[in-house]
1. Protein chains only, probe 1.4 Å: how do Ile46, Ile143 rank by accessible area, largest first?
2. Could you identify which residue out of Met165, Met17, Met59 has the top mean-square fluctuation in a GNM of the chain using Cα springs shorter than 10 Å?
3. Using a 1.4 angstrom probe on the protein heavy atoms only, line up Thr54, Thr99 by accessible area, largest first.
4. Might you work out the accessible area of Ser15 for me, using a 1.4 Å probe with all protein chains in place, and round it to the nearest 10 Å²?
5. What are the extents of the Cα atoms of the chain along their three principal axes, listed from largest to smallest and rounded to whole Å?
6. If I compute solvent accessible area with a 1.4 Å probe over the protein chains, what percent of it on region 1-104 is carbon and sulfur?
7. So what's the back-of-envelope 222 nm ellipticity for the chain, counting only DSSP H runs of four-plus at -39500 (n - 2.57) apiece and dividing by all residues, rounded to 500?
8. Could you give the longest part of the chain that holds none of the trypsin sites (Lys or Arg not before Pro) found in DSSP loops with at most 13 neighbouring Cβ atoms within 10 Å?
Amino acid sequence: MSQTTLILLAVLIPSVMLHEISHGAVALAFGDDTAKRAGRLTLNPIAHVDPFGTLILPMLLALTGAGVFGWAKPVPVNPAQLRNPRQQALLVSLAGPATNIALAVLAAGVLRAHLVHTNLAVRIVFDAGFVNVVLAAFNLLPIPPLDGSAVIERFLPRSWWPRYMHLRQYSMGVLLILVLLLPQLILRPVFNFALDQWARLL
């Protein structure tokens with residue numbers, strides 16, 4: 001396995017962990033302690049590992065040369081325990097991508113300020129920013145169960161909910177087709193746009 005792949009895996013795992021922790025932390029701030037009681041507000045990676053999304057898929061993608069991508073085990077959130085479920089559930093969902101965006105901006109700031117000097121350190125920080133941009137852009141897609149779908153659900157008229165919930169059961173299949181079979185259709189343009197914006201910060 002190449003050094004590039006190892007670095008990407010090394011920055012991907014903490015990035016997806018912090019993404020999930022942020023969901024639980026914001027939910028806790030709004031009154032839902034489900035993630036805390038489940039032991040998910042921790043930096044211990046074992047608590048967040050999803051066998052397929054965190055280990056198997058990234059390794060398979062890395063070995064086939066298709067890049068590195070993955071996810072952590074979703075943090076449990078109970079919207080009914082939020083003080084204002086309709087408003088705060090949206091903020092809980094967006095906390096994950098917001099964390100990834102913050103990490104990407106931080107990486108850009110470190111590089112711009114020349115706070116790292118060795119080639120290896122520069123590569124690690126750059127790849128950390130790159131990975132977090134991709135994670136944020138992907139999770140903001142308005143397709144359930146991705147975080148971006150919460151925006152649609154927040155503003156969807158009540159009369160549309162029965163039809164939406166019927167269609168929602170097929171969303172994972174749609175997402176897998178998009179990721180595995182049709183990445184050029186939406187993912188590449190979305191990622192390119194997000195990375196172009198990030199490049200302006202460098």
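The values are calculated or read from the model by the stated rules, or taken from the named source; none is laboratory data. Here the structure is a predicted model, which is why all the values come from computation and not from measurement. Neighbour counts run over all protein chains shown; Cβ positions are idealised from the backbone, glycine included. Ligands, DNA and RNA are excluded from the accessible area calculation, which covers all protein heavy atoms including side chains. Shrake-Rupley method; radii C 1.70, N 1.55, O 1.52, S 1.80 Å.
1. On the way: Ile46 130, Ile143 35 Å².
In descending accessible area the options line up as Ile46, Ile143.
2. Met165
3. Values: Thr54 15, Thr99 35 Å².
Result, largest first: Thr99, Thr54.
4. Counting only protein heavy atoms, Ser15 exposes about 10 Å² to solvent.
5. 55, 37, 34
6. Roughly 68 percent of what the probe reaches on region 1-104 is carbon or sulfur.
7. On the way: 9 runs with 126 residues, N = 202.
-20000 deg cm²/dmol, from helical runs alone.
8. On the way: sites that count: Arg83, Arg200.
Longest site-free region, per DSSP loop and neighbour criteria: 84-199.
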